[in-house]
Amino acid sequence: MSFFESEVVRAEMTKISKLQEEIYHNVFQFFKMTKDDKIKHVDLLQKLLNKQQILYTRLSLSDDPEAKSMKKRISESAEMMGLDANVDMNVIFGNMSKLIDVMRQQIDKTDLKD
């Protein structure tokens, strides 16, 4: 069975897609959201990031040619966004997680000012 025929992989990719749609749908409304809605949005970002990291790890562990190809396309996309070709994607995931933590802190600080 190929990597993408796996029920688990397909289910997770569907979840990732749905999370991305929900996040993108609300991203331009972020500054108009209530504190609770902002926290929910940031929680969705963290959930998406976690699922993407797990999928990337699965891709990295797979010998399936399609999985290797997808992993390569992810790296190429990261390069197009200006990242070093040799950067470890797990470092990127870690940095993104830290950024999400900063967003949470900013939501808390902003709420204190209001």
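The values are calculated or read from the model by the stated rules, or taken from the named source; none is laboratory data. Owing to the predicted nature of the structure, the values given are computational and were not obtained by experimental measurement. Please note: Cβ atoms are built from the backbone with ideal geometry, for glycine as well, and neighbour counts cover all protein chains shown. Only protein heavy atoms, including side chains, enter the accessible area calculation; ligands, DNA and RNA are left aside. Shrake-Rupley method; radii C 1.70, N 1.55, O 1.52, S 1.80 Å.
Any residue that is among the aliphatic types (A, V, I, L, M) and touching a residue at least 40 places away in the same chain (Cβ under 8 Å) - is there at least one of those in the range 72-90?
Checked the range 72-90: no residue is among the aliphatic types (A, V, I, L, M) and touching a residue at least 40 places away in the same chain (Cβ under 8 Å).
Do we find a residue being under 24 Å from residue 13 (Cα atoms) and either open to solvent by 80 Å² or more (accessible area, probe 1.4 Å) or not in a loop (DSSP other than H, G, I, E, B) (or both) anywhere in the range 99-111?
Yes; the residues of the range 99-111 include at least one that is under 24 Å from residue 13 (Cα atoms) and either open to solvent by 80 Å² or more (accessible area, probe 1.4 Å) or not in a loop (DSSP other than H, G, I, E, B) (or both).
Within the range 28-35, identify whether any single residue is basic (Lys, Arg) and surrounded by 15 or more Cβ atoms within 10 Å (Cβ to Cβ), and answer yes or no.
no
Out of all the residues in the range 43-72, which are farther than 18 Å from residue 101 by Cα, of a type in the set (Lys, Arg), open to solvent by 90 Å² or more (accessible area, probe 1.4 Å) and at pLDDT 95 or above?
68
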